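Asks: Quick one: structure below, then a few questions.
The values are calculated or read from the model by the stated rules, or taken from the named source; none is laboratory data. Since the model is a prediction, treat every value here as computed from it, not as a measurement. Reconstructed Cβ throughout: ideal geometry from the backbone, glycine too, with neighbour counts over all protein chains shown. SASA here: full protein model, heavy atoms, side chains in, ligands and nucleic acids out. Shrake-Rupley method; radii C 1.70, N 1.55, O 1.52, S 1.80 Å.
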Amino acid sequence: MAAVAAAMRWRRRLLLLVLSAAELGASGTPQTPNILLLLMDDMGWGDLGVYGEPSRETPNLDRMAAQGMLFPNFYTASPLCSPSRAALLTGRLPIRNGFYTTNAQARNAYTPQEVVGGIPDTELLLPALLKRAGYVSKIVGKWHLGHRPQFHPLKHGFDEWFGSPNCHFGPYDNKARPNIPVYRDWEMVGRFYEEFPINPKTGEANLTQIYLQEALIFIKKQQAAQRPFFLYWAIDATHAPVYASRPFLGTSQRGRYGDAVREIDDSVGKILDLLQDLKMTENTFVFFTSDNGAALISAPRQGGSNGPFLCGKQTTFEGGMREPAIVWWPGRIPAGQVSHQLGSIMDLFTTSLSLAGLELPSDRVIDGLDLLPAMLQGRLMDRPIFYYRGNTLMAVTLGQYKAHFWTWTNSWEEFRQGIDFCPGQNVSGVTTHTQEEHTKLPLIFHLGRDPGERYPLSFASTEYLSALRRITPVVQQHQEALVPGQPQLNVCNQAVMNWAPPGCEKLGKCLTPPESVPEKCSWPH
């Protein structure tokens, strides 16, 4: 699109603007800014006070928004954890980077322990590219792009890691399934529910505090060494089973989920305070968002809020795809701003490379845009947001209009068992329990007037026909040019689970795997 090409031309000029304004280092040359991406897990658009959460229990994140810029129209690339994280770190849709399944149509797939696949070696990840500009990179928290040795984050550009390869599900008996390992760099240092306890009954766990200290220590170390850093803080306290440390348990009006949010808010406040104390704010770009919408299937005790939006995690309705998003860069990005730019989690890849003065890879399609024009100049760039569920393009948003080509929540069978992705939100003909095709005559909503996707435009209206004329060529161009990557989430095998991770022998924590029996993964929704 012409507007996208124009935005890319502006990128170089804006980079010069940013660097010329940056503080000079000892050598007299501009310093590239530090990059800090704060990625939450299953946190919903409506979970922050600044987004209207009535308890107002996120003073630090609200302050971050007041001092920075809010993006109310910011989207993930998938309504599920692993594909969205792959999209962030590659700048590419999951259908391109392989984080999807072809085992059935429109199925959400991720990386539980038994999945054989992971991030392909052919994908270029953000930390690997940032190395070219001298960045030191660390991931704190959940990786979720494959747990087998070849998928280790330190093999894909990160210099340090403290966290886990999978979700903190459990506890397991280490016989039928092993407990998830926690790594420091190349080797495991324990397992969840063992060396890193999570109390299933009370929700008490000290993990957020541990992750906070990892971040603070890393920032101090890199500041002392005067090296630019990339910190990817991907914590998981708001993913069921939700947890919080003892000082925060029982302190929220919202129950245990709110306790977890309050601890995250407190931790973000401490990180921002450290940057201010070290006088690093003008040279550190901070972005806060979530991997997908709140898991309403776990609400209200173990799930959050998607505000006015329809449904939640696992669906391509707004509640599953639209995320909280705040950028903070005092002295660079004007305070108290709201950008109505359509943003994507994939834009963090492209924007980070722009900040580092690096060109995009030229040998592949990059779906992310550089958001610096929106952040620094208030420019709005016309671009589509594609909503994929597995191998199927479910919907697209262009401007204020969203067109659904397929609608589906989950099957009637699951729904009758109590698995409900849209509790209390049935919209006739929209929140369907069978896969309903609308490719010939899509359902179109005006998201400005109808953010809850409850009132589809009349097929016969002039507005509908005008929106359809705009959307149709954009979708056709996308689908005609699309070259899907090799699907990574088709094959499962109990033998590849975390039985004997690197370092287990030092701890006496190695377990014996069962016989290897590869099989087709089953993804019910």
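Asks: What percentage of all Cα-Cα pairs in the chain are separated by more than 40 Å?
Replies: Details: 23920 of 137550 pairs.
Pairs farther apart than 40 Å: 17 percent.
Asks: While we're on this one: Compute the signed sum of charges (Lys and Arg +1, Asp and Glu -1) over the other residues within less than 12 Å, Cβ to Cβ, of Tyr388.
Replies: Charge balance near Tyr388 sits at +3.
Asks: Can you send over the carbon and sulfur percentage of the accessible area for the chain, probe radius 1.4 Å, protein chains only?
Replies: On the way: 10240 of 19320 Å².
That share works out to 53 percent.
Asks: What are the residues whose amide H is under 5 Å from the amide H of Ala395, where those residues sit 5 or more places off or on another chain and H is modelled from the backbone?
Replies: Tyr387, Phe405
Asks: If packing is taken as the average count of other Cβ atoms within 10 Å, what order do 118-128, 388-398 fall into, highest mean first? Could you put the intermediate results ahead of the total?
Replies: Details: 118-128: 20.3, 388-398: 22.3.
Sorting 118-128, 388-398 by mean packing, highest first, produces 388-398, 118-128.
Asks: List the lysines whose Cα sits under 26 Å from the Cα of Lys270, skipping any in the same chain fewer than 8 residues away.
Replies: Lys138, Lys142, Lys220, Lys221, Lys279
Asks: State in Å² the accessible area per residue of the range 34-382; use a 1.4 Å probe, count heavy atoms of protein chains only, and round to the nearest integer.
Replies: 29 Å²
Asks: Now, a different point. Can you give the helix-only mean residue ellipticity at 222 nm for the chain, where every DSSP H stretch with n ≥ 4 adds -39500 (n - 2.57) and the sum goes over all residues, rounded to the nearest 500 deg cm²/dmol?
Replies: Numbers: 13 runs with 137 residues, N = 525.
The helix contribution divided over the chain gives -8000 deg cm²/dmol.
Asks: Further question: Considering amide H positions built from the backbone, and no H for Pro or chain starts, which residues 5 or more places from His525, or on another chain, come under 5 Å of its amide H?
Replies: Correct list: Asn108.
Asks: Now a separate question. Over the range 340-421, what per residue volume does the convex hull of the Cα atoms give, in whole Å³?
Replies: On the way: hull volume 11.4 nm³, N = 82.
Each residue corresponds to 139 Å³ of Cα convex hull volume.
Asks: Further question: Please compute the contact order of the range 404-496 in relative form: average sequence separation of alpha-carbon pairs under 8 Å and at least six residues apart, divided by the residue count, as a percent.
Replies: 24 percent
Asks: Helix check for the chain. Which DSSP H runs span at least 18 Å along their own axis by Cα, with a mean Kyte-Doolittle hydropathy no less than 1.0?
Replies: Working: long enough: 2-21 (29 Å, 1.02); 207-225 (27 Å, 0.31); 256-277 (31 Å, -0.44); 462-481 (30 Å, -0.53).
Membrane-span-like by this rule: 2-21.
Asks: In a shell of Cβ-Cβ distance under 14 Å around Asp159, excluding Asp159 itself, what net charge do Lys and Arg (+1) and Asp and Glu (-1) give?
Replies: Numbers: positive: Lys131, Arg132, Lys138, Lys155, Arg184, Lys221, Arg227; negative: Glu160, Asp185, Glu214.
Net charge around Asp159: +4.
Asks: For the chain, give the share of DSSP beta bridges that are antiparallel, in percent and rounded to the nearest 5; count only bridges with both residues there.
Replies: The antiparallel fraction comes to roughly 55 percent.
Asks: Right, here's the next one. For a protection proxy built on the mean count of beta-carbon atoms within 10 angstrom, sort 358-366, 484-492 highest first, please.
Replies: 484-492, 358-366
Asks: For the chain, what relative contact order do you get, as a whole percent, if you take Cα pairs closer than 8 Å and at least 6 residues apart?
Replies: Reported as a whole number, the value is 25 percent.
Asks: What is the sum of charges, Lys and Arg at +1 and Asp and Glu at -1, for the other residues whose Cβ falls under 9 Å from the Cβ of Val261?
Replies: Numbers: positive: Arg254, Arg262; negative: Asp47, Glu53, Glu57, Asp259, Glu263, Asp265.
Once all neighbours under 9 Å are counted, the net charge is -4.
Asks: Another one. Through the Karplus equation 6.51 cos²θ - 1.76 cosθ + 1.60, θ set to phi - 60°, convert the phi angles of the range 399-410 into ³J(HN,Hα) values in whole Hz; use x for Gly and Pro.
Replies: Coupling constants for the range 399-410: x, 8, 9, 10, 10, 9, 9, 9, 10, 5, 9, 7 Hz.
Asks: Once amide H atoms are placed 1.01 Å from N in the peptide plane, what residues at a sequence separation of 5 or more from Ser137, or on another chain, have their amide H within under 5 Å of its amide H?
Replies: The list, which skips near neighbours in sequence, is Asp159, Glu160, Phe230.
Asks: Solvent-accessible area per residue for the range 392-481 at a 1.4 Å probe radius, Å²?
Replies: Computed with neighbouring chains in place, this is 51 Å² per residue.
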